[in-house]
Amino acid sequence: MKKLRIAVLGAGGREAALAWKLGMSPYCLSLERWLDASSSFEEIATFVEKKGIDLLLIGPEAPLVGGIVDFFHQRGLSKDLYVLAPSKAAAQLEGSKKWAKDFMRRHQIPTPEGKDFSRDSYAEGLRFLEAQSSPYVLKASGLAQGKGVLLTESLEEAKQILHDMLFAQKFGTAGEEVLIESFLGGRELSCFLFVAGSSYTMLPWAADYKRLKEQNRGDNTGGMGAVSPVPWVTKRLKTRIQERIIDPTLRGLSQEKIPYHGFLFIGLMCSGEDPYVLEYNVRLGDPETQCILPRIQTDLVPFLWKTYKEGLPEEPLKLNNQSCLTLSMVSGGYPRKYEVGKKILGLDQIPKGVELFPAGMRKHGNEWLSAGGRVLNLSALGKDLAQAQKKVYEAAQKIRWENLYYRRDIGDDLLADEV
Ligand code: GLY
């Protein structure tokens, strides 16, 4: 196989991890990053053509939902460019929660009950809320950078949220349609697939910690940490996820003539051993990617290229037997107001065996400065979760900047389960 020129679009920790994994392959000739995912498709295509890119990975959802893959096809770029991502039609799975909910209904895929409302049906939405029991779950139907799901125990607050989403543009156009869902208790699980039409390969399971504060309190964030594997995932649960969720999802897409190609991330709620889909994402997760890629031994470059040329290889991905833990280190105040431009110290003291995946960081002369809410991620493998956790938290202590924040309890719940 020829060596490939690879490009990764996006600036976060997820994209840093993809670049790290693909860049270590002997089949990688060069690896370029295009950081600004909000660039015009034209600009991105010009860069890809100029660099003679063979394999393009797109990290974040917005360009996918916006139709970047269709744009590349319409532009008729070289047959030797593999854009590894789903089309605009397939990206509706993430781009419209209403569409995804209707899709799940059409294909009998288990998901919490829900109904969608717009400005025209606001009064009906209020009555619907009154008929629900607490806690109330409201979701902006469109893309809201992971912040569009709101949970409250107060009916009055739920009504206010509905109003603000529909009339005060709380989430811009993403909130023009709002899904009100029944609350479902259980444990969240991130399921990742690499899909090539009707066939797919499983990536490792992961669980992320979405809440800002310890013991899963505080604001919802993009994710404060992750672990992989997830010790409570039983064989029976896996079989049910496959039979009740993965198979009907892929069958449904194929029946609706929506070919899917690329990574698919199914956010699940597991109520005991019964899985339900909370959401589909047409990309990998952040920070889960930083946690699952270190566990994959297979060289992904030939694996992906073979998929493009000949179809998905039959053999599953080879994983190491280790556990991985990822910690997100963020600016104090995130996900609300925070300051950037803080000098990051201690990066040179991160021990071997702990991987740093930068997110919101920028170089200024010889220094690194914070440049976003999610600043960096640390990931480590261990013979078990306890060892991975120890390595990550020891490394985290070396890193400093003004008003740095991170959760101290990533993995603790799972370790407590073991005793
Ligand atoms: N960690 C959840 C997400 O990437 O959406």
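The values are calculated or read from the model by the stated rules, or taken from the named source; none is laboratory data. Values in this document were obtained by computation on a predicted structure and should not be read as measured data. Glycine gets a Cβ as well: all are built from the backbone with ideal geometry, and neighbour counts include every protein chain shown. All accessible areas refer to the heavy atoms of the entire protein, side chains included, with ligands and DNA or RNA removed. Shrake-Rupley method; radii C 1.70, N 1.55, O 1.52, S 1.80 Å.
Each of residue 314 and residue 214 was given a label point 7 Å from its Cα along the Cα-to-Cβ line. The distance between the two points is 5.2 nm.
Solvent-accessible surface of the chain, taken per residue with a 1.4 Å probe and all protein chains present: 45 Å². Computed over the chain, the P(r) tail beyond 32 angstrom holds 36 percent of alpha carbon pairs. Computed from phi, the 3J(HN,Hα) profile of the range 283-293 under the Karplus parametrisation 6.51, -1.76, 1.60 (θ = phi - 60°) reads 7, 7, x, 10, x, 4, 4, 5, 9, 8, 4 Hz, with x in place of Gly and Pro.
Put simply, the amide H of residue 283, placed in the peptide plane, has neighbours under 5 Å in 265, leaving out anything fewer than 5 places away on its chain.
Per-residue ellipticity at 222 nm computed for the chain from its helices equals -8500 deg cm²/dmol, with DSSP H segments shorter than 4 residues left out and the rest contributing -39,500 (n - 2.57).
If Lys and Arg each add +1 and Asp and Glu each add -1, what is the summed charge of the other residues whose beta carbon sits under 12 Å from the beta carbon of residue 9?
-2
Could you tell me how far the Cα centroid of the range 197-271 sits from the Cα centroid of the range 17-80, in Å? One Cα centre to the other: 25 Å. With all protein chains in place and ligands, DNA and RNA left out, the 1.4 Å accessible area ranks 102, 36 as 36, 102, largest first.
Separation between the residue 384 and residue 345 pseudo-spin-labels, each 7 Å from Cα along Cα→Cβ, expressed in nm? Rounded to a tenth, the inter-label distance reads 3.7 nm. If the chain linking residue 152 and residue 121 were pulled fully straight, counting 0.36 nm for each residue of separation and taking away their Cα-Cα distance, it would gain 9.1 nm. Taken one residue at a time, the phi angles of the range 121-132 give Karplus couplings (6.51, -1.76, 1.60, θ = phi - 60°) of 10, 4, 4, 5, x, 5, 5, 4, 4, 4, 7, 7 Hz. Gly and Pro are set to x.
Note on the range 297-379: Kirkwood radius taken over Cα pairs, Stokes-Einstein applied at 25 °C and 0.890 mPa s, translational D equal to 156 µm² s⁻¹.
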